[in-house]
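Nothing in this text is a laboratory measurement; each read-out follows from the coordinates by a stated rule. A quick note: this is a predicted structure, and the numbers were derived from the prediction, not measured. Counting neighbours? That spans all protein chains shown, and the Cβs are built from the backbone with ideal geometry, glycine included.
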Amino acid sequence: MKNIIVTGGAGFIGSNFVHYVVNNHPEVHVTVLDKLTYAGNRANIDSLPADRVKLVVGDIADAAFVDELAKNADAIVHYAAESHNDNSLNDPSPFIHTNLIGTYVLIEAARKYNIRFHHVSTDEVYGDLPLREDLPGHGEGPGEKFTSETPYNPSSPYSSTKAGSDLLVRAWVRSFGLKATISNCSNNYGPFQHIEKFIPRQITNVLSGIRPKLYGEGKNVRDWIHTNDHSSAVWAILENGRMGETYLIGADGEENNKAVIEEILTLMGQPKDAYDHVTDRPGHDLRYAIDASKLRDELGWTPKFTNFRAGLADTIKWYTENEQWWKAEKESVEAFYAKQGQ
Ligand code: NAD
Ligand code: TDX
C-alpha cells in the first residue's frame, strides 16, 4: 500500500493515525479527505511533511468528488464520522448524512476501483453491558464483554448510524466481494481530542476555572484505550486482517466516570470532590468492555500505553501546553452544555 486515503484524518483519532503512519511507515503517502467540520482541524496534521501528507477538503457523501480521489488510491481507511452522542441527541441529521450516506458513497467507490477498505467503528454498536458487580463472573465470565459475535443493539442516534454503516460494509463484502475489514474500538483518549468529549472537557474545565461536570452518579464504565494503541491496531488489521472480518480493539482499561474525574482533579492538584453532578444523558449506556483476544491472538497485536494514570497525566500536559488549540471554542462548547443542564 503506497497511497492511502484517510477519511476524517483531521479529526481526533484520524489525525493521530496519520501521525502514526508518517512516523512508522516511510513508504506510505497519505491523502486526508476531511470536510473540516467543527471537529476537524487542519492544525492537527500541519506539522507533518507535505511530501507525505496531503489534505483534501471535501465531503465523503459527495460521490463525484470521492470517485475522483479514489481512482489513485490503494486503500481507504475510513474514520470520518459525526462522533458525539450528545450532539446526536440534539440533531441526528448530520449523523445520517455522514455516517450512513458517507459510508455508502465510500464503499461504492472502493467497489468500483477494487480498493482495500478498512471501516473504523465503535463498541457502542453492541449497546451496553451490566456493571461488573451485577454479573456472575464479575465481568470476566463468558459473554460478559463484547466480542465480534455480540448482537448489535445500539442506543443512540450516533451509535445506530455507526451500526448501520457497519452493516453496509458487511453486506458489500458478502454481495460484492468488497475487500474490507471492520474494527470496533472502545473509548479513546489522548492529544487532539475535541473538548466536547468527557476527558478533555474536564481537563479544560479545570484549566479554565470551571468545575468538572459528571453526568448522573458517574457509575457508567468506559473501557479506555490510548489513541496510539488504536492506531497500531488499525494498521495491523489493514496489513494482516482477514477480509470480511470484524476485530474488536480494546486495552482492558475499564474505569467508571467518577473515578476518572477524581483522577483528573488529583493529577491537576485539586480536591478530588471539586466537581458538579449534572443532568444525565438520555439513554446513557451503562458499561462498555472489549474482549480483544481475536486481535491479539490472530494478529499478535498488543497495546503499549496500558498505564491509564500516566496516559492521563500526559494528556493533561498536552492540553495545558496547547491552550491555543482549544481556547477559542471553550465558551461555545460550555454554552451548548449549559442549555441542557449539563
Ligand atoms: P472526530 O469527531 O474527532 O473527527 C471526525 C472527523 O471527520 C473530523 O475531522 C471531521 O471534520 C470529519 N468529518 C465529519 N463529517 C465528514 C464528512 N461528511 N466528510 C468528510 N469528513 C467529515 O471523531 P473521532 O473521535 O476522531 O472518531 C473517529 C472515528 O472513530 C469515528 O468513525 C468514530 O465513530 C470512531 N470511534 C471513535 C471512538 C472515540 O472514543 N472517540 C471510539 C471508537 C471509534
Ligand atoms: O461532561 C461530560 N460528563 C460526563 O459524565 C461528558 C461530555 C461525558 N460524560 C460521560 C458520558 C459517558 O459515560 O462520560 C462518558 C464518556 O462520554 P463521551 O466522551 O461523550 O464518550 P462516549 O459517549 O462514551 O462515546 C465515545 O466513545 C465511543 C466517543 O465519543 C464515540 O465517538 C465512540 O464511539
- line: The relative contact order of the range 206-333, taking Cα pairs under 8 Å that sit 6 or more residues apart, comes to a percentage of 36
statement: Given backbone amide H placed at 1.01 Å from N, residues whose amide H is under 5 Å from that of Val278, ignoring those fewer than 5 places away on the same chain, are Leu214, Tyr215, Gly216
- line: Of the range 82-104, those with amide N under 18 Å from the point 7 Å along the Cα→Cβ vector of Arg174 are 104
- request: Quote the Stokes-Einstein diffusion coefficient, in whole µm² s⁻¹, for the range 131-210, based on the Kirkwood radius over alpha carbon pairs, a temperature of 37 °C and a viscosity of 0.692 mPa s.
  value: 202
statement: Partner aspartates and glutamates whose C-alpha sits under 13 Å from that of Lys327, ignoring same-chain residues fewer than 8 away, are Glu196
field: Size descriptor, Kirkwood hydrodynamic radius, that averages inverse alpha-carbon separations across the range 39-140, Å
entry: 16.4
query: In terms of modelled amide H atoms, which long-range or inter-chain residues lie less than 5 Å from the amide H of Val32?
result: Val6, Lys54, Leu55, Val56
message: So if I take the centroid of the Cα atoms in the range 183-223 and the same for the range 1-66, what is the distance between those two points in Å?
response: 24
- prompt: Can you list residues whose amide H is under 5 Å from Glu254's amide H, if they're 5+ apart or on another chain and H is modeled 1.01 Å from N?
  reply: Trp224
Mean Cβ count within 10 Å, highest first, over the residues of peptides 130-141, 14-25, 178-189: 178-189, 14-25, 130-141
message: Using each residue's phi in the range 176-193, evaluate 6.51 cos²θ - 1.76 cosθ + 1.60 at θ = phi - 60° and report the 3J(HN,Hα) Karplus result to the nearest Hz, with x for Gly and Pro.
response: 10, x, 3, 7, 10, 10, 10, 10, 10, 10, 7, 4, 8, 9, x, x, 6, 7
query: Per-residue ellipticity at 222 nm for the chain, helices alone: DSSP H runs ≥ 4 residues times -39500 (n - 2.57), over residue total, nearest 500 deg cm²/dmol?
result: -11500 deg cm²/dmol
- prompt: Can you give the convex hull volume of the alpha carbon atoms of the range 9-96 per residue, in Å³?
  reply: 96
- prompt: How long are the three semi-axes of the equivalent ellipsoid for the chain, computed from the Cα gyration tensor as the root of 5 times each eigenvalue, in whole Å, largest first?
  reply: 31, 23, 19
- prompt: Tell me, Kirkwood radius of the range 82-131 from alpha-carbon pair distances, in Å?
  reply: 12.9
- prompt: Counting DSSP beta bridges in the range 116-269, what percent are antiparallel, to the nearest 5?
  reply: 20
message: So if the hydrodynamic radius of the range 188-294 is defined as the Kirkwood radius over C-alpha pairs, what does Stokes-Einstein give as its diffusion coefficient at 25 °C and 0.890 mPa s, in µm² per second?
response: 159
- prompt: Which percent, nearest 5, of DSSP beta bridges in the chain are antiparallel?
  reply: 10
- request: For the range 246-257, just list the computed ³J(HN,Hα) in residue order, Karplus coefficients 6.51, -1.76 and 1.60, θ = phi - 60°, integers in Hz, with x standing in for Gly and Pro.
  value: 10, 10, 8, 10, x, 10, 6, x, 5, 8, 7, 5
